[in-house]
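Working notes, beginning with the structure itself.
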Amino acid sequence: MMHSRNGHYLYRQALCSSISCKIFALEREKLGTLDQGFRETESTMAHSVFYYVMLCFSLVASARSEGAMRFGYTGEMGPSHWGNLNPDYAMCSKGKHQSPINIERKHTVYNPRLEPLQMHYTTTNATLVDNHVNVMVRYNNSVDYVMVNGKQYWLKQIHWHSPSEHTIDGKRFAVELHMVHASDEGNITVLSNLYRYGRHDPFLDKIKGKIDELAKDVHAKGDQAQVQVGRMHMTPLRRHCHKYVRYIGSLTTPPCTENIIWNVLLKVREMSRGQAEELRSILEDGFRVNSRPTQPLNGRIVEMYDDSRSTRKPN
C-alpha cells in the first residue's frame, strides 16, 4: 500500500522541519525546563511554539514517500541513523535526555511530593487520522485535561506504537498509547499506557466503526486519510492511576525534541490481538512496527508515585 504526497504537504513538512522545530528548541533553551514554568509575558510565544511543535509531531514525523521520506524504523532510515538523516534531527543522536527508556523498578525513586494524576476526561470532538507513522486521534478544541505539577495540560492527541516503546525491567509490551497534552504556556506532557494482549479494550471498541472507515479511506485516498469521529467519550481512559513513574525525556520520533514530561502508568491494560492488528493494518508495512529502541538514562532520575504510600490522594 503506497500513499501519494502532494506539493502542499511537502511544503508544510519542510516548513515544520526547517523552521518550527528550530524555533521550539531555541525557545525551550531560553525559557528553561518544564518544571520551572514560564512567565505570563512569554505565553504568546509559547502558544506559537506549541503550534509548530505539534506540526512537527504530526507532519515531520510522517513524511515517508519516495523523495520525501525523512525517517523509518529499519535499515539506513532506522532509529540508529535518525540523527544523520537531517540536521534538524541531530538531537536524536546527540541528546542526553531521550525517550523511551527502560524503567527498572528497583532504581526508581519514590517522591512523596508527586501528586495523583488527575484526569479530567469527559467527551470531546475528535478526528481519527492516518498519521503515516501511527494512527492518531486528534482532539479539536478539547476541554479535557490532566493536572501535572499543579498545572492544567490540555489533551491534544493520542496515538499508538506497536510494540511498546517503554519497557519495564526489560520487558516490552504489545502496544503503547501516548496521550499528548499541552499547557496554556506551551509545555508538553505525555501519559503513557502500556497494553498486553488479552480482553478487548473498551476505548477501541467504541471507535471500531471509525477505524474500519479510516482503513477504507486510506486505501481509497492514501494521503493522510482522516475520519471525523464526532463527540468521543473519554471515560474508558480515565481510570484511577495507583502507580506511575515520571521522568524528563523527549519525543520518540524525529526531531526528538527534549524537555517533555513523561508519565508512564504502571498498571498494564489489555487489548485484543485483533484490535492491535487492526491498528497496524492501516499503516504501510515499514511502519507497522513503529517503536524506537530504549535510550540511555544518562544519570536521569525516574521518580515513582505510589498511592499506597502517599498522603496525597486524588480528589
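The values are calculated or read from the model by the stated rules, or taken from the named source; none is laboratory data. Computed from a predicted structure; not experimentally measured. In this analysis, Cβ positions are derived from the backbone assuming ideal geometry, glycine residues included, and neighbour counts consider all displayed protein chains.
Worth a mention:
- Residues that are among the hydrophobic types (A, V, I, L, M, F, W, C), out of contact with any Lys or Arg (no Cβ under 7 Å at 6 or more places or on another chain) and in a strand (DSSP E or B) within region 117-154 comprise Val135, Met136, Val137, Val146, Met147, Val148, Trp154, listed in sequence order.
- Within the option set Val175, Val190, being in contact with a helix residue (DSSP H, G or I) (Cβ under 7 Å, 6 or more places away or on another chain) and of a type in the set (A, V, I, L, M, F, W, C) holds for one residue only, Val175.
- Residue list for region 269-293, filter: more than 16 Å from the chain's Cα centre (by Cα) and hydroxyl-bearing (Ser, Thr, Tyr): Ser272, Ser281
- Every pair of residues 6+ apart whose Cβ atoms lie under 9 Å, when the first sits in region 212-238 and is closer than 16 Å to Met136 by Cα while the second is at pLDDT below 85 and among the aliphatic types (A, V, I, L, M): Val218/Met1; Gly222/Met1; Gly222/Met2; Gln224/Leu59; Ala225/Val218
- Considering Ile188, Ile211, the condition of being surrounded by fewer than 22 Cβ atoms within 10 Å (Cβ to Cβ) and hydrophobic (A, V, I, L, M, F, W, C) is satisfied by Ile211 alone.
- Checked against the criterion of being in contact with a helix residue (DSSP H, G or I) (Cβ under 9 Å, 6 or more places away or on another chain) and among the acidic types (Asp, Glu), region 178-186 contains one or more residues that satisfy it.
- Lone qualifier among Pro202, Pro163 - being in contact with a helix residue (DSSP H, G or I) (Cβ under 8 Å, 6 or more places away or on another chain), over 27 Å from Gly150 (Cα atoms) and in contact (Cβ under 8 Å) with a residue 24 or more places away in the chain: Pro202
- Some residue of region 143-150 being surrounded by 15 or more Cβ atoms within 10 Å (Cβ to Cβ) and free of Cβ contacts under 8 Å to residues at least 40 places away in the same chain: yes
- Test: residue in region 268-286 that is over 30 Å from Gly209 (Cβ atoms) and at pLDDT 95 or above: no
- When restricted to residues that are touching a helix residue (DSSP H, G or I) at 6+ places or on another chain (Cβ under 8 Å), of a type in the set (Gly, Ala, Ser), surrounded by 17 or more Cβ atoms within 10 Å (Cβ to Cβ) and closer than 20 Å to Gly249 by Cα, region 66-106 contains 2.
- Residue satisfying condition, being more than 27 Å from Thr294 (Cβ to Cβ) and either buried (at least 21 other Cβ atoms within 10 Å of the Cβ) or hydrophobic (A, V, I, L, M, F, W, C) (or both), within set Met271, Met232: Met232
Here's the yes/no breakdown for (1) among the aliphatic types (A, V, I, L, M); (2) over 20 Å from Ile261 (Cα atoms); (3) at pLDDT 95 or above:
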site: Leu31; (1), (2), (3): yes, no, no
site: Ala46; (1), (2), (3): yes, no, no
site: Met54; (1), (2), (3): yes, no, no
site: Ala63; (1), (2), (3): yes, yes, no
site: Ser93; (1), (2), (3): no, no, yes
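- Odd one out for Glu277, checked against (1) touching a residue at least 24 places away in the same chain (Cβ under 8 Å); (2) over 22 Å from Arg138 (Cβ atoms): (1)
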